[in-house]
Each structure stands twice: as structure tokens, then as C-alpha cells.
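The values are calculated or read from the model by the stated rules, or taken from the named source; none is laboratory data. Values in this document were obtained by computation on a predicted structure and should not be read as measured data. Using ideal geometry, Cβ is built from the backbone for each residue, glycine included, and neighbour counts are taken over all protein chains shown.
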Amino acid sequence: MLGHTDTGRVMIVDLSAEGERLADQVVDAGELPAVVAARAADHRWVWGDTGAWYPALLAAGVRVGRCRDLRLAHAILRGSAAVTESSALRTAREWDAAPVDAATDAGDDRPTLFDLTERPGVPDGIDAALAELARQRAAIASAREPGRLELLVAAESAGALIAAELRAAGLPWDAAVHDRLLRDVLGDRPAGGGQPALLAAAAARVRDALGDPAVSLDSQPQLLRSLHRAGVLVRSTSRWELAEHTHPVIEPLLEYKKLARLMSANGWAWLDEWVRDGRFRPVYVPAGVVTGRWASSGGGALQLPRLLRTAVRADPGWRLVVADVAQLEPRVLAAMARDTAMAEAARGRDLYAGVVASGAVATRDEAKIAVLGALYGATTGESGRLVPRLRRTFPRAMALVDAAAATGEDGGVVSTWLGRTSPRPGTGWRETQSRASDAEASEEDESRARRRARDRGRFTRNFVVQGTAAEWALCWLAGLRRRLDAMPPVAGAAGARASGPAFARIPHVAFFLHDEIIVHSPSEHADSVAQAVADAAAEAGRLLFGDFPIDFPLDLRIAEDAGKP
DNA sequence: CATGATAGCGCG
DNA sequence: AAAGCGCGCTATCATG
């Protein structure tokens, strides 16, 4: 375990498997990388916040095999319905703090004094860490199935390591390819900072078609008024609604919106700000989403347009291993519900084709709409119409999500497969519900309460599936990382130097997005990496669902860039 | 000038 | 205009 002493030095405490304190050692922060590197590769480090400890180690070229991130574990355990003894965790409020990102502390994005006082990190003292670990051990032990929470906390902690490593290594990004793509689509970059030629041309065509030379296309109210004057009676200016009208302005306007979006979200300004030395280094935020999915902060890492994936390019002599899971969430649902009919439909690459073969619906498109509607709680439209047919064919799977929705509507909490629990409803929600059950409640009160109850039901319905899919993905990542670490470093000084001292000679995860992984690997290891990605996926399925026969097929390829072939 | 809300669109 | 979940980011516009 790592923590600080009162004088700001670093204390290393060796703990037995039962959590007993065996030996202490105190070192200066500068000595820590060497001390950590000297431990066995599979040593488990316990620390308050991976983001506060690990970036400095990585910068020194030192990696760790395993860890317990006390902050992330605390958040899981104090909220988990599986934990029957959580009062101690609930009173340890100081562990509810926001993450610290030490990687940005060193840069020019240093948090201001205001940030630091408003968002303190978790305690960094050794005594606080020891006490928190003891609380967590007790909390896990109180669960009926401690193994699930153990697995979840371990996977979450491994994810924290990987998030820090992703930032340290970065995603290989070819700025020249990106620039060429921007110039092809938008026109040359204007020197003065104005609009590139093709964007300006699209804007001119729109103004022409509107007969409104002065309208600002980036102002929604102005554009809406101008559309109305031109006879296009839309209620919003969104792509979806515009596409349903026929008018000379529609085509150029949709074109303009597409180009303007590319320019503002991922144009040259983005390239200048986010790509350095051939790497895109966003901040990943493990468990940044209530369901346990990761969030990101800065650079929009989780929204990279597919159009730009060709700019993701391996270094010379390296390859990208690009993998994503086909229809992860419905597969997870089938396994959670032990729905063998749905698992049968999921056998093989295309779950939607399997749903058609089951006879539930007629076409693949219908299958997709029905399945998504089931996961999200659709009630109207084509999706709402198709969901009941799924309910007949896959009653167990549908019963699981229907029950989760009913619990949520009723104000209860639901949990993922491994035990992450949804937030309790807020005071506003509860007040709305109790007002509606009052004797003098108005019809307005009642309909508002019903609406908000259904909203919450859709959230809890999706929570169990999205959250369990996130758990599967964490296990996949962790298993892959372990396999990559077993591969020998490539010889020679050359390599992916921009990936930093810890990753210049070994295959490493370079990108992760819910159900998709990109590994940057020396060419000679690429085949083994691809095998490791597949093996880790199979292992993740077994870890969560044991022998239940559910496939998690991957789209897997080895390439020089991450663009769709 | 800063902050917050809204619209819109990108990703899964 | 999303029907139907979860996000982050940019631009605009109203408010302080």
C-alpha cells in the first residue's frame, strides 16, 4: 500500500492477504519509481487514487501489474445493494471526492486554486488509506456473493491503470492524414482564420436557396426564421426534421451542417490543441458514467467521428489491432437472464440475423429496432410495436429488463451482474411522486409523476444492461492487458518513442470505447496480440457468466490505420 | 466579462 | 424530431 506520511514522504506498507500490517518503509517521492519497479510484476498496489499516483510512475517508465483503487472501489461498495454492511463506508465522506488527474497537474492545464478547493481529491495519507481498505474488506465480506464484488473492484481498478496508461501512451495520430482529410472535405485552411472554401461555398448555396444573404447559419433562431420565410415549416433545425422536407435549401443546408460540425469539433483548432508528437492524449475517466462506463474529458475522445479514423495510424514497424464486439448489450442481457433462446439467436456473428431466424420478426432491420427498443424501453412507433413480439420469443430476457424498469418506476434501485447499483431517486423525484398520491393532487401532478416514473424506469431498465456490458468490457480490457504484458519487449532503441518510456517497446492498448479496443503493437507481435484480444474476450464471458453458452464474437483486424476497410 | 441553459450532433 | 438509454463538446443567447 502507498500513502503519504505527515511530512509528505511516501510510506510503503506491506500487507498480508488478510490485511495485517507486516512492514513499513519510507522513501522520498523521487525514489518511488525505483522502489515500485523492484517489486514482483504481479504485486498488487493499494492506493487512494490511481490518477494521483500512477502518471508519475509511468513518466519514469515504471508500470504496475495490479492495484486497488480505493476511491473507485469506495464508490462501488458504498452504493452497492449487495453490501449489507455499508454504514462505515457511508460515513467516510472524504472518500466520495472527485478524481485527481496528476497528468494535467504538471502541464499548463494546472487546476486553479478554485478548482482545488472546490474539488478536493481523496485523502492521501497512509493511515486514511489503511482505514479505508479495512472498511472495504468488511463491506465485501458482508455480501452474499463476495466474489462478484471482488471481481468488479479488481476489474474497475485494472481499468484505472489502463486509463492512465492510455493517456501516457496516447493514440497514434497522423496529423498529415487528418489535415489532408480536412482540406479534401472543407478546402484549404484559411490563413486568417476565416471559413475554408468548401464550407463557405455550402453556406453561400444555403443563403441563395433561402434568398437571405445575411442570415447566420450558426444561429438556430435566425436560421429557423429564415427557413419559415422560405416556406420550410420545421419546428427545429435538426438534421432529422430537415431531411423530411423537400426544398432546394435542404441538401446544401445538411451539407453545411456536416462541414461546420467537422470544422468546429475536429478541425485544425482541435488538431493544434490535442495532437502532439503524433499522439492524441485525452483524459479518460473510469466510471465517469453512473452505469460504470468510462467518460472522457477533453478532446472528445469518446466521440471521434468515424470519418477521422484513418488518421489513427500505427508508427513505422508497428500495427494497430482493432477489435469491437458485435451487439454486446443484447448478448449480455441473454446471459444475465439465462435466456437460452436469446443466446441461441446470439450464436455466431450477427445476433439480429439470429432474431430473424427465431421467427420473432421478419427482417434484420426490424430485429435491430426491436432489440434496441427492448433495451431502451421504447413504447411508441415501430420500435414500441415490435417489442411485444420479442417478449413472446424471449420471455426470460424481457422479464429481466421489464423487472428492472418496474423497480425503477417504483423508486427502487437495480444492480448490475457484478453488483454496481443505480443511484437512488433524488428528492425532487420522490416529491413529485408523493405529491401525485396526495388526495388533492391535480391531473397535472399525476401525469407529471407518471411521466417521471416512466423516465426513471427506462433508466433502470437500461442500467442493468449497459452497466453489465461495461463490466464485461472491463474484464476484457484487464485480461488483454495481462496477456500483452507477458509478451517480450521488441529489441533495439527504435520503436514507438512517442508512446513514452513505459510503452516504446511493447504492445499497448491505445484506445478504448465501450465495446471497442485498439492496440498499438510492434508488427512482429500483431498476430499474437489479435489472439490475445480474442482470448481475453472469451475469458471475460466465462468470468461473468461461467458456463452459460453465450458468444461474444469480435470484428477483429490488423491494419496500419483504424479506418474501416 | 463570466456563467448557465439550450440546441444540435458526434460516439457507444 | 426523435421514437428509446448513456455521454462530451461547441456555438449561441440570455442573464448576472
task: Test each condition in (1) in a helix (DSSP H, G or I); (2) without any contact (Cβ under 8 Å) to a residue 60 or more places away in the chain; (3) not hydrophobic (A, V, I, L, M, F, W, C) for A:P190 and report the one that comes out false.
output: (1)
query: Where in segment A:329-418 are the helices (runs of 4 or more DSSP H), entirely inside, with at least 1 residues that are closer than 29 Å to A:T432 by Cα and out of contact with any helix residue (DSSP H, G or I) (no Cβ under 8 Å at 6 or more places or on another chain)?
result: A:381-393, A:395-409
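If you check A:A176 against the conditions, is it exposed (fewer than 15 other Cβ atoms within 10 Å of the Cβ), at pLDDT 95 or above and out of contact with any Gly (no Cβ under 7 Å at 6 or more places or on another chain)?
When the stated conditions are applied, A:A176 passes them.
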query: Is it the case that segment A:195-207 has a residue that's basic (K, R) and without any contact (Cβ under 8 Å) to a residue 24 or more places away in the chain?
result: yes
- line: Within segment A:474-524, the residues that are within 16 Å of DNA strand C (Cβ to nearest atom) and assigned to a loop (DSSP other than H, G, I, E, B) are A:L513, A:H514, A:D515
field: Filter result (more than 6 Å from DNA strand C (Cβ to nearest atom), out of contact with any Phe, Trp or Tyr (no Cβ under 6 Å at 6 or more places or on another chain), at pLDDT 95 or above and more than 18 Å from A:T460 (Cα to Cα)) within segment A:363-383
entry: A:T363, A:D365, A:E366, A:A370
message: Just checking: which of the helices (runs of 4 or more DSSP H) contained wholly in segment A:219-289 hold 2 or more residues that are farther than 16 Å from A:A209 by Cα and within 13 Å of DNA strand B (Cβ to nearest atom)?
response: A:220-229, A:239-242, A:250-266
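To keep it simple, each residue is scored yes or no on (1) of a type outside the set (V, I, T); (2) within 11 Å of DNA strand C (Cβ to nearest atom).
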| site | (1), (2) |
| --- | --- |
| A:L242 | yes, yes |
| A:L254 | yes, no |
| A:A295 | yes, yes |
| A:V332 | no, no |
field: Output for segment A:458-517, where each listed residue is within 13 Å of DNA strand B (Cβ to nearest atom), of a type outside the set (F, W, Y), buried (at least 19 other Cβ atoms within 10 Å of the Cβ) and closer than 19 Å to A:A163 by Cα
entry: A:G467, A:A469, A:A470, A:A473, A:D515, A:I517
query: In segment A:290-311, how many residues are crowded, with 17+ Cβ neighbours inside 10 Å, near DNA strand B (Cβ under 9 Å from one of its atoms) and assigned to a loop (DSSP other than H, G, I, E, B)?
result: 3
query: Looking at A:R9, is it in contact with a helix residue (DSSP H, G or I) (Cβ under 8 Å, 6 or more places away or on another chain) and at negative phi?
result: yes
